[in-house]
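Engineer: Below is a structure I'd like to ask you about.
The values are calculated or read from the model by the stated rules, or taken from the named source; none is laboratory data. Just so we're clear, the structure is a prediction, and the values are computed from it rather than from any experiment. With ideal geometry, Cβ positions are generated from the backbone for all residues, glycine too; neighbour counts draw on all protein chains shown. These accessible areas exclude ligands, DNA and RNA; they are computed on the full protein's heavy atoms, side chains included. Shrake-Rupley method; radii C 1.70, N 1.55, O 1.52, S 1.80 Å.
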Amino acid sequence: MRILIVFAVLLTLAYSCSEDAPAPAIPSDPDRFVVDGIDTLTGLIAQGDYLLVRGNCLACHSANLITQQGATAAGWREMIHWMQEKQGLTDLGELEEPIVAYLATYYAPVETGRRRPLGEVEWYRLNTDQAD
Amino acid sequence: MPHRPLSRRQFLTRSGLPVIFAASLPAGVQLLGLSAAPDPTLPGKHPGLTILNDRPVNAETPAHLLDEAVTSADRLFIRNNGIAPAAPPADPAEWTLRIAGEAVPQAVTFTLAELQAKFRHHTYQLTLECGGNGRKEFYPPARGNQWSTGAIGCPAWTGVRLRDVLEAAGYQSDRAVYVGYYGRDTHLSGDPDKVVISRGVPIAKALEDESLIAWAMNGQPLPLLNGYPLRLVFGGYPASCSGKWLSEIVVRDRLHDGEKMGGQSYRVPCTPVEPGATVADADMCIIEQMPVKSLITSPKTGATIAPGTKLNLGGHAWSSGPAVTEVAYSIDFGSSWQPCRLAPPVNRFAWQQFSATVAFPEPGYYEVWARATDAADRVQPMVLPGWNPRGYLNNACHRIAVKIA
């Protein structure tokens, strides 16, 4: 059942991407998709104006384009303007500011310097008896 | 917000992965596990690939899955700008390729069957690497898929020489400047009039022996997501030059001006800039040759070995032009380097295998770093190379974590 709901919603998103399409309808009870602070339909952090992002951005591309990225408000605004110039995104009007604010708040850049640490390593035991 | 990669299961749970794929994949292509087990994978691809984006499909290969000398088709990364053709051709032999452009007096069309019948077949092992491989490490972050190290592979490609086909089409060598491509993929917006991507290479690169119009990878038809049934392959250049679902080649009498040739795409500042700088389009230059680079593919990072034992280290090294001449490893963050054994390339633009037997002086945490040098004495940097707005050409040394305990 759950997969059917997901299917229906995402199919709506996938097929509504055109220059004239209105923002996809948002389910009346969006919070039931939130688990551990994440919107399980998309992977977005379910805080602030995430539904605006879901409705206006994910009609044309996957949330992964957002969740794997970090940027400042200026950076996100520049990406939006690039999509408007090159990819057929419409003018977001008064929605642009809250969308940029959400993105810059929850998907801000992380300072990493010239080389970040290797990070979360999954350790495992390696048998080296075969080494010469 | 840390950019933690999701496991496939988390990814599915969070994003409804199979549904998006189902909406963007050709009819008739079944996703494994869509209806039964919640463990989908990309059609024709290894389940261990890391999916960066599902629309368009972009997926990279973890280093330890790239250990084979010849990359298996199911392990080659996917970097798509648009949506793969809606339906694979019923009869691939009827797939057509048009040769046109200012330097071709009379446009010519070949079917795939004609290409296969009229021209001599060639097979080369060619390294294909996305220009943005390694983008993830740049700071300030660059827009686009956040590739770590896995947008690279080196399968054996079979096809015909682009040169032979251009000559048969009667191209004018005195007018030819650049070769561009068009493919049959679809723009993300669904607009059939929008070109997804149309890049190419200078004519000198197009005429090289190893520049192929290819229909096979490792002796089998190309995977759908890698361009089935026909694509270009140019070793040593950004993979975006190697057009997929190839439908037309234009021999231009000027620099090709197709989609993603201009602006900031696949370009870097013509002169070095400070990190985070804004660079005008006019000051961005096209990336041609990819830099010297290497990847440790064995062991997988995170190996814990017993004190007193040695580690067998292995991987690949590649360069856009002259062969890699030397690979060294360090276990002390570059204070000292030891030479690796290095095999010659099977042909130009094929990656080369390196190996070493590594001893560690005492228990503890180590990082094993690898560093390649090419015939032009270009060496991989240990820190990130020059920052650029779109995060291309990161050839910093690869490293793995090892514990002696």
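Engineer: Please express the Cα-Cα pair-distance distribution P(r) of region B:166-275 as a list of whole percents, one per 5 Å bin, running from 0 to the bin with the greatest distance.
Structural biologist: 2, 11, 20, 22, 19, 13, 8, 3, 1, 0
Engineer: So, one more: Which trypsin sites (Lys or Arg not before Pro) in region B:69-126 sit in a loop by DSSP (not H, G, I, E or B) and have at most 15 other Cβ atoms within 10 Å of their own Cβ?
Structural biologist: Those satisfying the criteria are B:Arg120.
Engineer: Tell me the relative contact order for chain B as a rounded percent, counting alpha carbon contacts under 8 Å between residues six or more apart.
Structural biologist: Relative contact order here is 16 percent.
Engineer: Counting only other chains, what is the mean number of Cβ atoms within 10 angstrom of the Cβ of each residue in peptide B:187-193?
Structural biologist: Neighbouring Cβ atoms belonging to other protein chains average 4 per residue here.
Engineer: Let me have the relative contact order for region B:92-286, percent, based on Cα pairs under 8 Å that are six or more residues apart. Each step should come with its number before you reach the end.
Structural biologist: Working: 418 pairs, mean separation 49.8, N = 195.
In percent, rounded to a whole number, it is 26.
Engineer: At the nearest 100 Å², what buried accessible area, both sides summed, do you get for A and B when the probe is 1.4 Å?
Structural biologist: Working: alone 9740 and 17170 Å², together 22030 Å².
Counting both chains, the buried surface is close to 4900 Å².
Engineer: As a test of understanding, state the convex hull volume per residue of the protein assembly as shown from its alpha carbons, in Å³.
Structural biologist: 156
Engineer: Still on this structure, I have one more. Compute the FRET efficiency between B:Thr304 and A:Glu111 as 1/(1 + (r/R0)^6), taking r as their Cβ-Cβ distance and R0 = 35 Å, and round to the nearest 0.05.
Structural biologist: For R0 = 35 Å, the calculated efficiency reads 0.70.
Engineer: For chain B, report the accessible area per residue in Å² (1.4 Å probe, heavy atoms, rounded to an integer). Kindly include the intermediate steps, with their values, before the conclusion.
Structural biologist: On the way: 14840 Å² over 405 residues.
Per-residue value: 37 Å².
Engineer: Which distance in nm do the two modelled labels at B:Leu255 and B:Val195 give, with both placed 7 Å along the Cα-to-Cβ direction?
Structural biologist: Spacing of the two 7 Å Cα→Cβ label points: 1.5 nm.
Engineer: Where the centre of each part is set by its Cα atoms, how far does region B:348-377 sit from region B:93-147, in angstrom?
Structural biologist: Each part reduced to its Cα centre gives a spacing of 31 Å.
Engineer: Now, a different point. Counting other Cβ atoms within 10 Å, which GluC sites (Glu not before Pro) in region B:79-164 have at most 16 and lie in a DSSP loop?
Structural biologist: Loop-located and lightly packed - B:Glu102.
Engineer: At 0.36 nm per residue, minus the direct Cα-Cα distance, what do A:Gln84 and A:Asn127 gain on full extension? Give it in nm, one decimal, please.
Structural biologist: 10.1 nm
Engineer: If you take the Cα Rg of chain B and divide it by 2.2 N^0.38 Å, with N the number of residues, what do you get?
Structural biologist: 1.00
Engineer: Which ³J(HN,Hα) values, rounded to whole Hz and listed in residue order, are derived for region B:106-120 from phi using the Karplus coefficients 6.51, -1.76 and 1.60 in 6.51 cos²θ - 1.76 cosθ + 1.60 with θ = phi - 60°, glycine and proline given as x?
Structural biologist: Those phi angles translate into 10, 4, 10, 10, 10, 7, 4, 4, 5, 4, 5, 8, 8, 10, 5 Hz.
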